[in-house]
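Everything on this sheet refers to the single structure shown next.
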DNA sequence: ACTTTGTTCTATGAAAACTAGAACAAGGCT
DNA sequence: AGCCTTGTTCTAGTTTTCATAGAACAAAGT
């Protein structure tokens, strides 16, 4: 899987990494059961510090997306389906963008089309 | 308009303020032409520093949502409709949430329902 | 005139992010 | 058994961001 870190982004490196791993799973580039590189190997590959990768892995584990097996590795493991906590998390995360879309005059259909275009970008390349 | 700042949030205060002002416009609580409080008055009201409010105002101006008139005030002024820059901004902002939704098994319809619930929350209280 | 406006400047404290190096115990492999 | 790799934990340092504070300015509003 291809990861691209932008050091000058206003988004923290470990967050960039977390997001891109999630997007990689959404696209199907990585599947449940697959292993992520070791924190050291990944860090060397990306040109960042080991602890930065480690922080990202723990963020993914907290979200219930990977399982970290001490002395072994990190395996993609999606925890049980979507519950209220996930719903709330996603809602709060999308709120600012949706509000901004409305402010700029986008209709609900416009917004849904925008969302669909993002969904399609992920789903088109599955399998 | 009611603004609620959470000092212990992991979201910066000026970002919280920016988002809530945008949401206030989306809900119709504030309308184009309305003035925002002066940076000093708003800061005193919220219990934060003047510069923090100022930073939020400039973020809103950069987004094209308000017009800051030096020595006068900040007026809600939505710049011309949605262009490619806005589209890209919104897409990038929603990407992480949509990817996470897909990862957890949500269908496109599920995601659209979630989006609709957020849109409705804003639009229900217009006028 | 007087107040209020946004702006600009310097300064400081606190927290977050990132890097660095070292050490540890345990799993995997030969 | 021996060796390498694993994630983990610890201390340490730097840089950046965020938020605060105070002062001063020129100009708009009253």
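Any read-out appearing in this document is the output of simple, stated calculations on the displayed coordinates, not a laboratory observation. Keep in mind that this is a model prediction, so the values were computed, not measured. Here the Cβ is made from the backbone with ideal geometry for all residues, glycine too, and neighbour counts use every protein chain on show.
Which of A:90, A:114, A:17 moves most in a GNM of chain A, Cα contacts under 10 Å? Result for chain A, Cα springs under 10 Å: A:90 fluctuates most. Projecting 7 Å from Cα along the Cα-to-Cβ direction, the label point of residue A:87 sits 3.2 nm from its equivalents in the other copies, listed shortest first.
Starting from the eigenvalues of the Cα gyration tensor, five times each then square-rooted, give me the equivalent ellipsoid semi-axes of the range B:57-118, largest first, whole Å. Walk me through the intermediate numbers first.
Details: eigenvalues 225, 26, 22 Å².
Whole-Å semi-axes of the equivalent ellipsoid: 34, 11, 10.
In chain B, Rg over Rh equals 1.00, where Rg is the alpha-carbon radius of gyration and Rh the Kirkwood radius from pairwise Cα distances. The angle separating the long axis of helix A:50-63 from the principal Cα axis of greatest extent in chain A is about 50 degrees. If you model the range A:13-76 as an ellipsoid using its alpha carbon gyration tensor, with each semi-axis the square root of five times an eigenvalue, the axes come out at 16, 14, 11 Å, biggest first.
Counting from the shortest, the label point at residue B:34, 7 Å from Cα toward Cβ, is 4.7 nm from the same position in each remaining copy. Comparing B:24, B:47, B:81 in a Gaussian network model of chain B (Cα springs below 10 Å), the most mobile by mean-square fluctuation is B:81. Rounded to the nearest 10 degrees, the angle from helix B:108-123 to the longest Cα principal axis of chain B is 30 degrees.
When residue B:75 is represented by a point 7 angstrom out along its Cα-to-C-beta vector, the spacings to that point in the other copies are 6.3 nm, nearest first. The alpha carbons of the protein assembly as shown give a radius of gyration and a Dmax of 20.0, 62 Å, in that order.
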